[in-house]
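Below: the structure, in structure tokens.
All of the numbers you see were taken from the coordinates with simple rules; none came from a lab. Computed from a predicted structure; not experimentally measured. So basically every Cβ, Gly included, is an ideal-geometry build from the backbone, and we count neighbours across all protein chains shown.
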Amino acid sequence: MMIVGLTGGIGSGKTTVAEMFIELGIPVYDSDFEAKRLMQSSKKLKKAIIALFGKEAYTDKKLNKTYISSLVFKDGKLLKKLNAIVHPAVKKHFKSWAKKQKTPYVIQEAAIIFENASHESYDRIILVTSPQNIRIQRVINRDGHAEEKIRDRMRNQWEDAKKATLADFVIENVDIEKTKLKVREIHKQLLGLSQ
């Protein structure tokens, strides 16, 4: 089975593209969602996160995402430490999930594939791009975050041009109909490659 990575900066529309692949019958593993779930359910992860951030990392036994985000997106070293705790757990979980799938290929949706040098572990990589002003507006509309907060996150992600040189496929996600056509085209190519 072929393992395909799906990545893109915040607000690029990765999730929209992932949903299009799901409609085509391809299972998609949402790394961000699963990371948060594991940070909530794994005693081992909880212990390591509390050791890194203190007891404030969890309030009422729930992960304090706002508190953690406010720290890591302003401090690259702290973000690296958090990723070093969470990413191995997500990787292990993804591998066991992928083994259960019965399709020619599966997709792992992850915001940072190139930034954490995990691109080597994929057979193919799809990059979703959008102009920065559109991405910022999407995130403001979706999450209500202040523009500065979004820019803090963007600073921790590579530029699209840098990622595009390493990706196998690039989807510019501005016009939804064009995006759908591109997804179908890539799907056909991936089916061919997985034979």
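Before moving on, here are some points about what is shown:
- Once the C-beta distance of Lys102 and Ala146 is scaled by a Förster radius of 41 Å, the resulting FRET efficiency is 0.40 to the nearest 0.05.
- Residues in region 182-195 carry Karplus couplings, in order, of 5, 4, 4, 5, 5, 4, 4, 4, 5, 4, x, 5, 7, 5 Hz; the curve used is 6.51 cos²θ - 1.76 cosθ + 1.60 with θ = phi - 60°, and Gly or Pro positions show x.
- A simple spin-label model places pseudo-atoms 7 Å from Cα toward Cβ; at Thr165 and Tyr67 they are separated by 4.1 nm.
- Highest mean packing first, where packing is the average number of other Cβ atoms within 10 Å per residue, the peptides 115-121, 125-131 line up as 125-131, 115-121.
- Around the Cα centre of region 32-100, unit charges on the Cβ atoms of Lys, Arg, Asp and Glu (plus for the first two, minus for the last two) sum to a dipole of about 380 debye.
- With one equal scatterer per alpha carbon and no solvent term, the Debye-computed log10 I(q)/I(0) for the chain at 0.09, 0.11, 0.15 1/Å reads -0.35, -0.52, -0.97.
- When only alpha carbons are used to place a centre, region 164-195 and region 41-119 end up 27 Å from one another.
- The helix-based estimate of mean residue ellipticity at 222 nm for the chain, built from -39,500 (n - 2.57) per DSSP H run of four or more residues and divided by its residue count, is -17000 deg cm²/dmol to the nearest 500.
- Binning the alpha carbon pair distances of region 32-100 at 5 angstrom intervals from zero yields the distribution 3, 16, 29, 27, 14, 7, 3, 1, expressed in whole percent.
- Cα gyration tensor, region 106-195 - rounded (a/c under 1.5), prolate or oblate: oblate
- Kirkwood radius, region 1-70, all distinct C-alpha pairs, inverse of mean reciprocal distance: 14.2 Å.
- Model label zone, Glu23; criterion: amide N under 19 Å from point 7 Å along Cα-to-beta-carbon; scope region 174-195: 174-191
- Against the chain, whose longest principal axis comes from its Cα atoms, helix 132-143 is set at around 60 degrees.
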